[in-house]
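Below: the structure, in structure tokens.
The values are calculated or read from the model by the stated rules, or taken from the named source; none is laboratory data. Computed from a predicted structure; not experimentally measured. All Cβ positions, even for glycine, are placed from backbone atoms using ideal geometry, and neighbour counts span all protein chains on display. Side chains included, ligands, DNA and RNA excluded: accessible areas come from the protein's heavy atoms. Shrake-Rupley method; radii C 1.70, N 1.55, O 1.52, S 1.80 Å.
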Amino acid sequence: MLVLHTFVTDPHPCPYLPDRTASLEYSYAPVLSGEEYQDLMDRGYRKFGPLFFRPMCANCRECRSLRIPVAEFKPDRSQRRCWKRNQDLTIRIASPTMDEQRLALFDRYHRAQHVRKGWDHQPRDPEDYELCYVRNPVPSAEVTMWEGDALRAVLLTDITPNVVSGIYHFWDPDHAARGLGTFCMLHTIELARRLEKPWAYFGYYVAGCGSLEDRKSVV
């Protein structure tokens, strides 16, 4: 592991629990192995591209790492319906990439979440998208979901010796009835099963945060 820079942010309004303040420790590591990142995840870190981080909040410990033991996971009735509902989609697994179609879907998703959940919204430029999701120091995979030539959802993952980690997913807000957020998370578990990884990791879960309720759907 090669860490070039580490810093801690000043306290700022928490994006998950608005009545609290948050502080994050960031490190920039352009060289990082899958084994090293797995150890970092075990210590409460997550990452985007070469930038990994963890909460360093003075008075709150609500960010809890959410992991699913793959061998024990059994989809409930709602999840089985979601899986069946989306079987008309074509699933493609490849290395992460960036193009206009992905950027446009990412922007539409965030615009919709801004309206639905009050997320801050700024269009993501190609360089930022590549830094967060494409230029990855550890092995990674992108799962895309297509209806004909139309891109409906994108799931981005990291791969370590024992874990498939869901970095991020975004989907077509015009097809919210499909339950594509849940479908992406089920595919994270399915990818872990295919790769014979014992764990699927979904980053942090914060009780009481509406933006993270889709993560609760797989527990």
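Mind listing whichever residues of the stretch 90-100 are under 18 Å from ALA141 (Cβ atoms) and of a type outside the set (Gly, Ala, Ser)?
Start the filter on the stretch 90-100 by keeping residues that are under 18 Å from ALA141 (Cβ atoms), which leaves 90-99.
Selection gives THR90, ILE91, ARG92, ILE93, PRO96, THR97, MET98, ASP99.
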(request) Give the residue that is farthest from CYS132 (Cα to Cα), with candidates limited to residues of the stretch 94-115 that are in contact with a Leu (Cβ under 7 Å, 6 or more places away or on another chain) and touching a residue at least 60 places away in the same chain (Cβ under 8 Å). (result) LEU105
(message) If ALA141 meets every condition in (1) part of a helix (DSSP H, G or I); (2) at pLDDT 95 or above apart from one, which number is that one?
(response) (1)
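Please state which one of LEU131, LEU156 is aliphatic (A, V, I, L, M) and open to solvent by 30 Å² or more (accessible area, probe 1.4 Å).
Just one listed residue meets the conditions, LEU131.
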(request) Could you name every one of the helices (runs of 4 or more DSSP H) located completely within the stretch 9-126 that has at least 2 residues being open to solvent by 30 Å² or more (accessible area, probe 1.4 Å) and more than 21 Å from MET185 (Cα to Cα)? (result) 34-42, 100-117
(request) Taking VAL138 as the residue in question, decide whether it is touching a residue at least 12 places away in the same chain (Cβ under 8 Å) and either open to solvent by 40 Å² or more (accessible area, probe 1.4 Å) or within 25 Å of PRO69 (Cα to Cα) (or both). (result) yes
(request) Could you please tell me which pairs satisfy a Cβ distance under 6 Å, a separation of 6+ or placement on different chains, a first residue in the stretch 146-170 that is under 14 Å from THR188 (Cβ atoms), and a second residue that is open to solvent by less than 10 Å² (accessible area, probe 1.4 Å) and charged (D, E, K, R)? (result) LEU156/GLU142; SER165/ASP158; ILE167/ASP158
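Would you call GLY166 surrounded by 18 or more Cβ atoms within 10 Å (Cβ to Cβ), touching a Cys at 6+ places or on another chain (Cβ under 6 Å) and small (Gly, Ala, Ser)? Steps first, please.
On the way: surrounded by 18 or more Cβ atoms within 10 Å (Cβ to Cβ): yes; touching a Cys at 6+ places or on another chain (Cβ under 6 Å): no; small (Gly, Ala, Ser): yes.
No: the conditions fail for GLY166.
Answer yes if at least one residue in the stretch 189-199 is assigned to a helix (DSSP H, G or I) and under 29 Å from LEU17 (Cα atoms), and no otherwise.
Yes, the conditions are met somewhere in the stretch 189-199.
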(request) Quickly run through the stretch 16-40 and pick out the residues that are free of Cβ contacts under 8 Å to residues at least 12 places away in the same chain and either closer than 15 Å to ARG54 by Cβ or touching a Pro at 6+ places or on another chain (Cβ under 8 Å) (or both). (result) ASP39
(message) Against the conditions (1) in contact with a Lys or Arg (Cβ under 8 Å, 6 or more places away or on another chain); (2) more than 16 Å from LYS74 (Cα to Cα); (3) not basic (Lys, Arg), where does TRP199 fall short? Just the number, please.
(response) (2)
(request) Could you give me the residue pairs with C-beta distances under 6 Å whose first residue belongs to the stretch 64-81 and is closer than 20 Å to GLY203 by Cα, whose second residue is assigned to a strand (DSSP E or B) and modelled with pLDDT of 95 or more wherever it lies, and which are 6+ apart or on separate chains? (result) ARG67/TRP199; ARG67/TYR201; ILE68/ALA200; VAL70/ALA200
